[in-house]
Amino acid sequence: MEQAKQYETIFKRKSIRKYEQDPLEESTLTAIADFVKGLKPLFADIKTQMNIVGHKDVKILMPIKAPHYLMVYAEKKEGYLTQVGYMLQQVDLFLSANGIGSCYLGMAQPAIADTSLEFVMILAFGHAKDAVHRANISEFNRKELSKITDISNLEALLEPVRLAPSASNGQPWFFTGDQNVIHAFCNKPNMIKALLYEKMNKVDMGIALYHLEVAAA
């Protein structure tokens, strides 16, 4: 999918938590599976595996039931969590751009792990019960741009990053630098938040980095 279409989608996407239970059409699932096969990795040397499964294959600790789930595994090495966020956000934007709802599930597990890779994340998806997109940008609940960067005059690049989804909407990122080089940092959580969000925050960084790449493109 063209990044111009992804860019437009950033400004209206939202996390969908209520789904119609009818499965997507086979042709649609095939298109999604084909898109997943062509995802761009952040790190070429980190193995990842993504499987589309049904509700019976997932153990969910939150009241979100969707007809389909994308289950993600990765090779456990430096950067693997950020890699998963970077790749999954490509799927999230693809689904939203095509009128399909999706939602990251941080409190979900596979019913049975069928790979030696590390389980990381599940993305729920399907037809939304309500509107799949936001009516306008005012519906986003996000930090002000000045809270996530000290760079001036790069709003066109960093506003899409500000709108990126994150665990509990924590937005754990901070960007510094200049017109030539932007450095991305993850805020260090306190001891309590680290227990809950340290893993997720690294996934969040990958999501934000992909939004930054789309904006730059």
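The values are calculated or read from the model by the stated rules, or taken from the named source; none is laboratory data. If you're wondering where the values come from, they're calculated on a predicted model, not measured in any experiment. Cβ sites come from the backbone with ideal geometry, for glycine too, and all protein chains shown count toward neighbours. What goes into the accessible areas is simple: the full protein's heavy atoms, side chains included, and nothing from ligands, DNA or RNA. Shrake-Rupley method; radii C 1.70, N 1.55, O 1.52, S 1.80 Å.
If we scan segment 38-49, do we find a residue that is in a strand (DSSP E or B) and open to solvent by 40 Å² or more (accessible area, probe 1.4 Å)?
yes
Just checking, how many residues over segment 92-136 are under 15 Å from Lys65 (Cα atoms), aromatic (Phe, Trp, Tyr) and over 11 Å from the mean Cα position of the chain (by Cα)?
1
Is segment 11-24 home to any residue that is open to solvent by less than 70 Å² (accessible area, probe 1.4 Å), under 27 Å from Ala217 (Cβ atoms) and not in a loop (DSSP other than H, G, I, E, B)?
Looking for residues that are open to solvent by less than 70 Å² (accessible area, probe 1.4 Å), under 27 Å from Ala217 (Cβ atoms) and not in a loop (DSSP other than H, G, I, E, B), one finds at least one in segment 11-24, hence yes.
Would you please list the contacts, defined by Cβ atoms under 6 Å and residues six or more apart or on different chains, that run from a residue in segment 35-63 that is among the aromatic types (Phe, Trp, Tyr) to a residue that is open to solvent by 60 Å² or more (accessible area, probe 1.4 Å)?
none
For segment 177-197, give me each residue that is under 16 Å from Val161 (Cβ atoms), outside any loop (DSSP other than H, G, I, E, B), free of Cβ contacts under 8 Å to residues at least 24 places away in the same chain and open to solvent by less than 90 Å² (accessible area, probe 1.4 Å).
Answer for segment 177-197, where residues must be under 16 Å from Val161 (Cβ atoms), outside any loop (DSSP other than H, G, I, E, B), free of Cβ contacts under 8 Å to residues at least 24 places away in the same chain and open to solvent by less than 90 Å² (accessible area, probe 1.4 Å): just Cys186.
When you scan segment 62-129 for strands (runs of 3 or more DSSP E) that lie fully inside it, which ones turn up with 1 or more residues that are touching an Asp or Glu at 6+ places or on another chain (Cβ under 7 Å) and surrounded by 19 or more Cβ atoms within 10 Å (Cβ to Cβ)?
68-74, 101-105, 118-126
Sort out which residues of segment 163-176 are open to solvent by less than 40 Å² (accessible area, probe 1.4 Å) and either out of contact with any strand residue (DSSP E or B) (no Cβ under 8 Å at 6 or more places or on another chain) or within 23 Å of Phe11 (Cβ to Cβ) (or both), and write them in order of number.
Within segment 163-176, Leu163, Ala164, Pro165, Ser166, Ala167, Gly170, Gln171, Pro172, Trp173, Phe175 meet the criteria.
For (1) in contact with a strand residue (DSSP E or B) (Cβ under 8 Å, 6 or more places away or on another chain); (2) closer than 28 Å to Glu118 by Cβ, each residue gets a yes or a no:
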{"site": "Lys5", "(1), (2)": "no, no"}
{"site": "Ile10", "(1), (2)": "no, no"}
{"site": "Thr30", "(1), (2)": "no, yes"}
{"site": "Phe35", "(1), (2)": "no, yes"}
{"site": "Ala44", "(1), (2)": "no, yes"}
{"site": "Ile52", "(1), (2)": "yes, yes"}
{"site": "Val72", "(1), (2)": "yes, yes"}
{"site": "Glu75", "(1), (2)": "yes, yes"}
{"site": "Asp92", "(1), (2)": "yes, yes"}
